1. Hey, among the residues in segment 242-257 that are open to solvent by 10 Å² or more (accessible area, probe 1.4 Å) and in a helix (DSSP H, G or I), which one's farthest from Asp636 (Cα to Cα)?
2. Does segment 683-700 contain any residue that is open to solvent by 40 Å² or more (accessible area, probe 1.4 Å), closer than 26 Å to Pro36 by Cβ and not in a strand (DSSP E or B)?
3. Being open to solvent by less than 10 Å² (accessible area, probe 1.4 Å) and over 16 Å from Ala344 (Cβ atoms) is the filter here; which residues of segment 555-572 pass it?
4. Looking at segment 228-241 only, could you name the residues that are outside any loop (DSSP other than H, G, I, E, B), of a type outside the set (Val, Ile, Thr), in contact (Cβ under 8 Å) with a residue 40 or more places away in the chain and touching a helix residue (DSSP H, G or I) at 6+ places or on another chain (Cβ under 7 Å)?
5. Among the numbered conditions (1) under 28 Å from Arg233 (Cα atoms); (2) within 16 Å of ligand 1 (Cβ to nearest atom); (3) assigned to a helix (DSSP H, G or I), tell me where Leu260 comes up short.
6. Let me spell it out: the conditions are (1) exposed (fewer than 15 other Cβ atoms within 10 Å of the Cβ); (2) in a loop (DSSP other than H, G, I, E, B), and Pro652 meets all of them except one. Which number is the exception?
7. How about segment 97-129: which of its residues are open to solvent by 30 Å² or more (accessible area, probe 1.4 Å), assigned to a loop (DSSP other than H, G, I, E, B) and farther than 16 Å from Val57 by Cβ?
Amino acid sequence: MRASHASSAPADLLGHVPLHQERGPDVRVSVLLPLPLREAYDYRVPPGLDLQPGDYVEVPLGPRRVIGVVWGPGGGTVESGRLKAVVRRFDVPPMPEVERRFIDWVAAYTMTMPGMVLKMAVSVPAALDPPKPTIAYHRSTAEPPPGFKLTEARKRVLALLDDGPPRTASELADEAGCGVTVVRGLAEAGMLEPVLLQPASASPHPEWDRPGPTLSPDQQASADFLRQKVEARAYATVLLDGVTGSGKTEVYYEAIAACLEQGRQVLVLLPEIALSAQWLDRFAKRFGAPPAEWHSDLTGAARRDTWRAVAKGEIPVVVGARSALFLPYRDLGLIIVDEEHDAAYKQEEGAIYHARDMAVARAHLGQIPIVLVSATPALETQVNADSRRYIRVHLPGRHGGAMLPDVKLIDLRADRPPPRHWLAPSLKKALTETLAEGEQAMLFLNRRGYAPLTLCRACGHRLQCPNCTAWLVEHRLARKLQCHHCGLAQPLPEACPNCGEHGTLAACGPGVERIAEEVAELFPDARAAIMASDTLFGPKAIQEMIRKIADHELDIVIGTQVMAKGHHFPMLTLVGVVDADLGLAGGDLRAGERTYQLLHQVAGRAGRGERPGTVYLQTYMPEHLVMQALAAGDRDGFYQLEAEMRLEAAMPPFGRLAALIVSGEDAALVDRVAMALGRAAPRSDTVAVLGPAPAPLALLRGRHRRRLLLKAPRGTPIQSLIAGWLEQVEVPPAVRVQVDVDPYSFL
Ligand code: ADP
Ligand code: ZN
């Protein structure tokens, strides 16, 4: 630790010697706090405290005490006598240097205050203190005190302890099916004796040397290559590219095994960990123990234990959502990003970042390999692989020779569903045949609820969310109208709120609930179910649904994108996409790419077992590039055309974009700031700023939103450009300006 001596501090000149200087040198450190602050603050190090960069500390901030991380030697100009002192250091391994550099890098790249990035890395302050031992009970030999009644519940608790280890009050209550007070009562009566349990020792570790399946020659070659990269302990980004079902997961398991063999940690990012039960099972079977999970559904205790164990290097494999990137890995040796093209990797709130891109940066800083896995890579990734910045490893066919599904287009202009029905006659016929064969079908519609729009047949009024630029969606099962943006829910009115007529409100268009209604009408004997994020409450329900489908307890599943993910359903041979055009509306830069990726992935659910699959896409635009490419199975042709279009328009990945979102509750004020930003915008021969314009969701959760879009050639240092731009405009506290570097969604 470098100490700085404040020899010419004003205190010296006046002849006052600060107390601490009598005891030793003036040591100060700069401490980054997980708060919206631009920089780290200097603190004095009290005598006897030896601090290293990366140490987690407690420091005073105004009247409060907050946690922080020692970011480096102090350097500020504040006179040391006026600096506040660090209160204490936490007994946990310091944050490794690579993570600190990563936090600084993410902050600079995304133009987020470093403290706000740090906040994601110290998301569990309780983990900084060692866990307290818990109190468990075992049975004492004491006789029941006089008058103590042995109720049935009490007897059950005692019986549990007659043959079992000591357990906590809540465990005993759970197992005995009684309240905790019953256990407490027994303890007070002296029938139970408390013992201190040390925190559970680490759970079993995945074993790298367990044999995996015999790999096909293609898989083996890919696995050998990845293994080599892991052993080289150097940075490399590898794109593992192969159709759904080609065995990519088995291949990257070999890379994980290689990393575990070196005794280093592995991070596996999955887009939606709540949907990943099959993945977790499979991992546990392959390696004999489950990985540690990291996502927002964990309990506080699990978060605390996991964070701490990761910091101490006691957890070898973490599988998690994007936030797992910011765990304090002691010695990270490999990152896997599965389904790397998935939009869920983009965090749109708070610090706006793309977890895949940040993961590549993390691998680079840590000099470790990263594997991006996808059957339909992001165009960015494709282009990087084509230009050899990334190394492409290709798995050509489905494992075991399973055929890719046959994709057929249904032209809804010719093959029309009956009025107020949504399934074309040819799709209905295919469904009938699939059911007759005893096989399974899935209908895909990426729209929750019953109907996306409710309108009054008398006056034409449309039911809209008061807080957002969005229609209210009818959820018939829940008997509600809902806004999918702000969560507003209200009962369906009896009368039109505009004209007051009764019985005139009509549902327009289908959501999954309405398709389920049609399925029940067409196939009353089929076992059908809806699979959408709002019909399944929590990961358990999703797991149970996935199991039911896999075990063929259902004939027809009607689902949103929660069912598009990498599930493996051997009996599923028919996929019908109800509205293949849905994602193409709106003119988003990535609309075509995303629609292709989503529909390809949905299609990939069909025919994964021994029976071949067929996919029907219902569309009004069968001639559209996306539909044609899907029908022809011509992925690379699609990417090439899409890339050419982007190149011509100088759009990402051939140009750069950044968005400024200006928002606030006062529309006039928001407009004023947006206009001022527009006037101050950097413009040149190569840099253009579009807007301000109302953001497509011009009203979101009660905030008015305007957007400015900066477009610049690739290689432009857009962060410094934007920083200079923002400096010129004063933003009142009631208005927020958010920077989205590399925007994905154009909401
Ligand atoms: P992907 O990740 O490319 O979609 P998976 O790794 O999930 O593909 O493989 C598809 C299916 O084939 C899975 O059920 C998997 O268990 C099986 N599989 C893949 N490779 C092998 C292998 N070498 N031996 C046996 N089964 C395999
Ligand atoms: Zn709303």
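1. Going through the qualifying residues, I end up with Glu254.
2. Looking for residues that are open to solvent by 40 Å² or more (accessible area, probe 1.4 Å), closer than 26 Å to Pro36 by Cβ and not in a strand (DSSP E or B), one finds none in segment 683-700, hence no.
3. Of everything in segment 555-572, those that are open to solvent by less than 10 Å² (accessible area, probe 1.4 Å) and over 16 Å from Ala344 (Cβ atoms) turn out to be Ile556, Val557, Ile558, Gly559, Phe569, Leu572.
4. Within segment 228-241, Ala236, Leu239, Leu240 qualify.
5. Every condition holds for Leu260 apart from (2).
6. (1) is the only condition that Pro652 fails.
7. Met111, Met113, Ser123
One line per residue, one yes/no per condition, for (1) within 16 Å of ligand 2 (Cβ to nearest atom); (2) out of contact with any helix residue (DSSP H, G or I) (no Cβ under 7 Å at 6 or more places or on another chain); (3) under 24 Å from Gln265 (Cβ atoms):
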position: Arg330; (1), (2), (3): no, no, yes
position: Ile335; (1), (2), (3): no, no, yes
position: Glu340; (1), (2), (3): no, no, yes
position: Ala344; (1), (2), (3): no, yes, yes
position: Ala355; (1), (2), (3): no, no, yes
position: Arg362; (1), (2), (3): no, no, yes
position: Ala378; (1), (2), (3): no, yes, no
position: Ala385; (1), (2), (3): no, yes, no
position: His394; (1), (2), (3): no, yes, no
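The values are calculated or read from the model by the stated rules, or taken from the named source; none is laboratory data. Not measured: the values here are computed from a predicted model. With ideal geometry, Cβ positions are generated from the backbone for all residues, glycine too; neighbour counts draw on all protein chains shown. Surface accessibility is based on the protein's heavy atoms, side chains included, excluding ligands, DNA and RNA. Shrake-Rupley method; radii C 1.70, N 1.55, O 1.52, S 1.80 Å.
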